[in-house]
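Dumping the structure here so I can ask a few things about it.
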Amino acid sequence: MDLMREAERERAELAGLLAELRADEWLLPSLCAGWTVRDVVAHVLSYEGLGPREVVGRMVRGRLVLGRINDVALRAQGPASPAELMERLRAFPRPTGLTAARGGAVGLVDALIHQQDIRRPLGRPRTVDPARLRFALDFTRTAPPLRGFWKARGVRLVATDVDWTVGRGPEARGPGEAVLMAMAGRRGAAADLTGPGATVLERRHG
């Protein structure tokens, strides 16, 4: 799979969703704690156009703590309007710099998960491309910043629509998108799964 090409497609689908949103929907809460839809979009774009020195500078200001680094990056975007963010998204249809890491894998999975962070609370579901979804499941499980293996520890995850299974313990079974979001620690995702493992995840992440 051409990861960079798929990352571009994922961003194009995100742009399509954002173009449909009402002004008030940009201000609604996303699944990212404390972030509105606007904040999530700003975050997705927050590393585009930066060189290595600028990225390192943000890491230092964030004291090498992921949440703090993301907050620094978000503040750097300023109070950008939806129109300004849309313009920036059109300017960067292809991940660059940090989000281009691992052949575009970082940009692909980041955009995929954050698109669902927007879609789920707004009640705008979609069918995620199966190849992208399967890749995101594997990546999320092992990527250090996401630590899906830890968030789903002690549970056997079964994606029923993309033939993907991992882990040991009580089973949590359901659509791959819900498995992905549960593994990313997103609240409410485990409610879309069945089995005793789903109860474990609901108690853990809400």
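The values are calculated or read from the model by the stated rules, or taken from the named source; none is laboratory data. No experiment lies behind these values; they were computed from the predicted model shown. Methodologically, a virtual Cβ is constructed for each residue, glycine included, from the backbone with ideal geometry; neighbour enumeration extends over all protein chains shown. Each accessible area value is taken on the protein alone, full model and side chains, heavy atoms only, with ligands, DNA and RNA left out. Shrake-Rupley method; radii C 1.70, N 1.55, O 1.52, S 1.80 Å.
Let me see the P(r) profile for the chain: every Cα-Cα distance counted, bins of 5 Å, each bin given as a percent of all pairs.
1, 7, 16, 19, 20, 17, 12, 6, 2, 0
Could you work out how far helix 130-142 tilts from the main Cα principal axis of the chain, as a 0 to 90 degree angle to the nearest 10?
For 130-142 against the chain, the angle is about 90 degrees.
Just add up the charged neighbours of Thr142: K/R +1, D/E -1, any other residue whose Cβ is under 13 Å from the Cβ of Thr142.
+3
Rank-order 107-114, 170-177 by packing density, defined as the average count of other C-beta atoms within 10 Å over each peptide's residues, highest first.
Peptide ranking by packing, descending: 107-114, 170-177.
Determine which residues of the range 87-127 fall in the zone a paramagnetic label at Leu28 would reach in this model, i.e. backbone nitrogen under 13 Å from the point 7 Å along Cα→Cβ.
Residues 117-125 qualify, since their backbone N sits under 13 Å from the label point.
Run the 1.4 Å probe and let me know the accessible area of Asp24, rounded to the nearest 10 Å².
Here the residue's solvent-accessible area equals roughly 70 Å².
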